[in-house]
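The values are calculated or read from the model by the stated rules, or taken from the named source; none is laboratory data. This structure is a prediction, so every number in the text was calculated from the model and none was measured. Note: ideal-geometry Cβ built from the backbone for every residue, glycine included; neighbour counts use all protein chains shown.
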Amino acid sequence: MTPGHVALTFDDGPTPAHTLALLDALRSCGARATLFNIGRNARDEPGLVLAQRAAGMWLGNHSWSHPHLTALPEQEAEDELRRTARVLRRITGAAPRLFRPPYGDTNPAVRALARRLGLTEVLWDVDTRDWAGAGPDDIVAAAEALQDGQILLMHDGYAATLEAVPRIVAALRARGLQPGMISPATGRATAPRGPHRVR
Ligand code: ZN
């Protein structure tokens, strides 16, 4: 068994219906995750953003309104990322270093923009397809493909995902893989640095 780290990621929060339950599910198995928040959701639910931080989660930038960034004029794409950075900084005191483009839709211009704003673009290695209606068993099965350093895509917003989380973490640990953070330097999963230091 080769020990290692993988990153659990949850996009599209915070959501009034699911975020607290997601944090409970993660806490119940002692797992930390990276949450790619939508800026306007964060603006509407600052208390949930603070709850994410208090639960030890790492926060990422998932744009302001979840557009296809490659279809936007550069200035609008920049506004999407800047507004989100600003609102998360206002709420938490720190702007995220990680960025995930909605739909994974990116190109050299989007990557260059992210770099210019000091953001590391993070996609994923394994998609649970919770967004497409996958059930808990399918989500757990998808996570079995994860290897050291890799990143799992999930979402804040589905009951099936909540049900799958403790099973995924237990199965990963049985394989010697611990839920870790995403390094802003490499964009890969790595051991958590420091207790509850969110960068
Ligand atoms: Zn998304």
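Condition check ((1) buried (at least 16 other Cβ atoms within 10 Å of the Cβ); (2) touching a His at 6+ places or on another chain (Cβ under 7 Å); (3) not acidic (D, E)) across all residues:
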{"residue": "G118", "(1), (2), (3)": "no, no, yes"}
{"residue": "T128", "(1), (2), (3)": "yes, no, yes"}
{"residue": "A134", "(1), (2), (3)": "yes, no, yes"}
{"residue": "I151", "(1), (2), (3)": "yes, no, yes"}
{"residue": "I182", "(1), (2), (3)": "yes, no, yes"}
{"residue": "A189", "(1), (2), (3)": "yes, yes, yes"}
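Cβ-Cβ below 7 Å, separation at least six or inter-chain, first residue in the stretch 99-126 and more than 18 Å from H66 (Cβ to Cβ) and within 16 Å of the ligand (Cβ to nearest atom), second assigned to a loop (DSSP other than H, G, I, E, B) and β-branched (V, I, T): which pairs?
Matching pairs, first to second residue: none at all.
Applying the selection to the stretch 98-148, what residues are farther than 23 Å from L81 by Cα and in contact with a Gly (Cβ under 7 Å, 6 or more places away or on another chain)?
D148
Filter the stretch 136-149 for residues that are crowded, with 21+ Cβ neighbours inside 10 Å and either within 16 Å of the ligand (Cβ to nearest atom) or without any contact (Cβ under 8 Å) to a residue 24 or more places away in the chain (or both) and give the result.
As a first pass, look at the stretch 136-149 and keep what is crowded, with 21+ Cβ neighbours inside 10 Å: 139, 143, 146.
Those that are crowded, with 21+ Cβ neighbours inside 10 Å and either within 16 Å of the ligand (Cβ to nearest atom) or without any contact (Cβ under 8 Å) to a residue 24 or more places away in the chain (or both): none in the stretch 136-149.
Give the stretch 32-48 a look and list any residue that's within 16 Å of the ligand (Cβ to nearest atom) and either surrounded by 21 or more Cβ atoms within 10 Å (Cβ to Cβ) or closer than 20 Å to P166 by Cα (or both), or say none.
A33, T34, L35, F36, N37, I38, G39, N41, A42
Name every residue in the stretch 3-31 that is crowded, with 21+ Cβ neighbours inside 10 Å, part of a helix (DSSP H, G or I) and more than 16 Å from the ligand (Cβ to nearest atom), in order of residue number.
L23, L26 - these are the residues of the stretch 3-31 that are crowded, with 21+ Cβ neighbours inside 10 Å, part of a helix (DSSP H, G or I) and more than 16 Å from the ligand (Cβ to nearest atom).
Would you mention how many residues in the stretch 25-73 are among the small types (G, A, S), in contact (Cβ under 8 Å) with a residue 60 or more places away in the chain and in contact with a Ser or Thr (Cβ under 7 Å, 6 or more places away or on another chain)?
Summing the residues that are among the small types (G, A, S), in contact (Cβ under 8 Å) with a residue 60 or more places away in the chain and in contact with a Ser or Thr (Cβ under 7 Å, 6 or more places away or on another chain) in the stretch 25-73 gives 2.
Evaluate the following for R53: is it of a type outside the set (V, I, T), at pLDDT 95 or above, out of contact with any Lys or Arg (no Cβ under 7 Å at 6 or more places or on another chain) and away from the ligand (no atom under 16 Å from the Cβ)? Show your work before the answer.
On the way: of a type outside the set (V, I, T): yes; at pLDDT 95 or above: yes; out of contact with any Lys or Arg (no Cβ under 7 Å at 6 or more places or on another chain): yes; away from the ligand (no atom under 16 Å from the Cβ): yes.
So R53 fits the description; yes.
Specify which of the listed residues (P96, P16) is farther than 30 Å from R173 by Cβ and at pLDDT 95 or above.
On the way: P96 fails: farther than 30 Å from R173 by Cβ.
One residue alone meets the criteria, P16.
Have a look at L81, L59 and point out the one that is closer than 22 Å to G30 by Cα and within 16 Å of the ligand (Cβ to nearest atom). Spell out the reasoning first.
On the way: L81 fails: closer than 22 Å to G30 by Cα.
Just a single option satisfies the conditions, and that option is L59.
Could you check, for the stretch 77-86, whether at least one of its residues is in contact with a strand residue (DSSP E or B) (Cβ under 7 Å, 6 or more places away or on another chain), among the hydroxyl-bearing types (S, T, Y), assigned to a helix (DSSP H, G or I) and surrounded by 16 or more Cβ atoms within 10 Å (Cβ to Cβ)?
Step one: of the stretch 77-86, the residues in contact with a strand residue (DSSP E or B) (Cβ under 7 Å, 6 or more places away or on another chain) are 81, 84-85.
Right, trim to among the hydroxyl-bearing types (S, T, Y) and you get 84.
From what is left, the residues that are assigned to a helix (DSSP H, G or I) are 84.
Now narrow it down to the ones that are surrounded by 16 or more Cβ atoms within 10 Å (Cβ to Cβ): 84.
Scanning the stretch 77-86, I find at least one residue that is in contact with a strand residue (DSSP E or B) (Cβ under 7 Å, 6 or more places away or on another chain), among the hydroxyl-bearing types (S, T, Y), assigned to a helix (DSSP H, G or I) and surrounded by 16 or more Cβ atoms within 10 Å (Cβ to Cβ), so the answer is yes.
Taking the conditions exactly as written (under 13 Å from the mean Cα position of the chain (by Cα) and either at pLDDT below 95 or polar (S, T, N, Q) (or both)), does N41 satisfy them or not? Full working, then the answer.
Working: under 13 Å from the mean Cα position of the chain (by Cα): no; either at pLDDT below 95 or polar (S, T, N, Q) (or both): yes.
No.
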